[in-house]
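Each remark here refers to the structure printed beneath this line.
The values are calculated or read from the model by the stated rules, or taken from the named source; none is laboratory data. All of these numbers come straight from a predicted model, not from anything done at the bench. Quick note on the areas: whole protein, heavy atoms, side chains included, nothing else; ligands and nucleic acids left out. Shrake-Rupley method; radii C 1.70, N 1.55, O 1.52, S 1.80 Å.
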Amino acid sequence: MMYGEVGRLADEGLRLSLQQAENAALLVMAMQYAWAELWLEGYRAAGAALSAERDQRARTRRLIRRGVSPAAAAQALHIV
């Protein structure tokens, strides 16, 4: 009877070790997804800032072409 108990405990130990390895792998994947999301969010924010700056320069150039003084055009005022 004792040998059967040792075998059962060995099987249970192996099963628990595999479950722990699976949980560790899932945790690593979740951490990688979170890191990638933060990394991509930085790029999205930088892209949005560059786009806004580019749009602002384009508005300034259009206003200057329409005869608005460069100082007033650079203030980002919307002229109706």
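Of note:
- In region 31-47, residue nearest to Ala74 (Cα to Cα) [restricted to those that are open to solvent by 60 Å² or more (accessible area, probe 1.4 Å) and not aromatic (Phe, Trp, Tyr)]: Arg44
- Test for Glu12: is it open to solvent by less than 80 Å² (accessible area, probe 1.4 Å), charged (D, E, K, R) and in a helix (DSSP H, G or I): yes
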